[in-house]
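One structure below.
The values are calculated or read from the model by the stated rules, or taken from the named source; none is laboratory data. Since we're looking at a predicted model, the values are computed, not measured. Every residue, glycine among them, receives a Cβ derived from its backbone with ideal geometry; neighbour counts consider all protein chains shown.
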Amino acid sequence: MNLLGAMLREEWRLHAQLFGGRRFAAFPAVVFAIGAAGLTLLAELGVARGTVVGGLHAVVAFLGLQVGTIGLVGRDAMRNVLGDVSLLVGSSRSLPVSWRRVLATFLLKDLLYYAGLILGPLALADAARALFRGESLLDVGLLWVTLVFAFAMGVTVSLAMIAVATRSAIALPAIVAALAALVVAGNVDPIAFTPAGLYGDPSIVSVLRVAGPIVVSGAIALVLFEPIETEEGASRVPPLPVGFGVAGRTLREVARSSGSVWKVLFSLSLFGAITGWLLVAVADAAGLELAAGIAFGTLLGLGTFTTYAWVTQFDDPAEFDRYPLAPRRLFRGKLLAFLALAIPGGLLVLAVAAVWFSPASLLIGVAIFPAVAIYVFGISATVAGLSPTALLFDVARFAVFGAAITLVAVPLVVLALVAGRYTTIAPVLAVGIATIAALAGIVLLERAGPRWERRRR
């Protein structure tokens, strides 16, 4: 408990130092405001409660999967991501504390932090909606509990997958294939083993059934995961060789990092799966004929923020002072690497989606996806520079980033919803909005380099 308390205090002090105590403390208020507005809007639009709950569980589980990639960071990029900050997560090297104990405590700390900092305000927002509509607060409490389970499942499953993959290149595909075979054979209902299933059937049996995968994957992670230590500088990519450029160096950095370029495809695949599920669920709930291409192109483009994080994860702005490299050239090179990683993955997801949705309806997504991705890059570069993780808890940056994303996301999502009624004008407007967004992204990109150079100096 002493280690857990120290980690919680360290987390607060770290973010308070980075962003300012008041700005960091205000983050739950922002989550509450966004959650209250979103939940109320969905209720007023007539979207079924089950659809909203399912979407929340999917998003929170995805957040947990992303947090679970600390396994990748811990193995070969901790120094580059955290700079000179000394964290207790590395205390097993210098203190008589086992690595497994540190890892277990770190995961518990993250669970408590996210449950209170993000899921707590979201539950309060849902409580406000329930009181406004005269609904039971017991349902709100159940939702918060199952969302915490969803986050825990995402973290443990992600870390367990990393642990198994590092031990055996064959074991992980074999396990996934075996589980898929059970589901296809109809012997197992996968939803029953998820927190969403617990929400639909709250009982002791359901709790045990959902806790099983979390406990098993957590145990696998703790037993099999080991940080791989390398000699100082061994995992670093040589700095800017002549003729190679920023884009080439960045691609090499991502390719040589844990998970390689596959982690980019993994992130986009998750966004694609969530998008497909939402398309089916919302269409069934609201009786709408949704434009799959506009929806996939928009949401996949927004999902490329994770790719931006990967292409900047190793960067130290001061390092580039040694080279005759203008800030604009730096960010242009990052954009080329970003597109080289994100575009093939997104197009592959669209191709897979054609198995379930009409290929003709998805073609417009081929145009919208890259345009929205460029816009996301431009906004990220302007607001976060080479430190995209600062967006997570810096309220001011988060608010600006969210507002900028909303300007493009909302019109495109609305067009996806009404495209069935306006079959001619909706696609034209969608491509037009995406094109304007891409041009805005390029303008922002050109200004991002000089802006951050001035601020740093």
Does the range 383-406 include one or more residues that are at pLDDT 90 or above and in the same structural domain as Leu429 (by TED's automatic domain parsing)? no
So, of the residues in the range 125-141 that are buried (at least 18 other Cβ atoms within 10 Å of the Cβ) and of a type outside the set (Gly, Ala, Ser), which turns out to be nearest to the chain's Cα centre (by Cα)? Asp126
Would you say Gly74 is modelled with pLDDT under 60 and in contact with a Pro (Cβ under 6 Å, 6 or more places away or on another chain)? yes
Within the range 167-174, is there a residue that is modelled with pLDDT of 80 or more and assigned to a loop (DSSP other than H, G, I, E, B)? yes
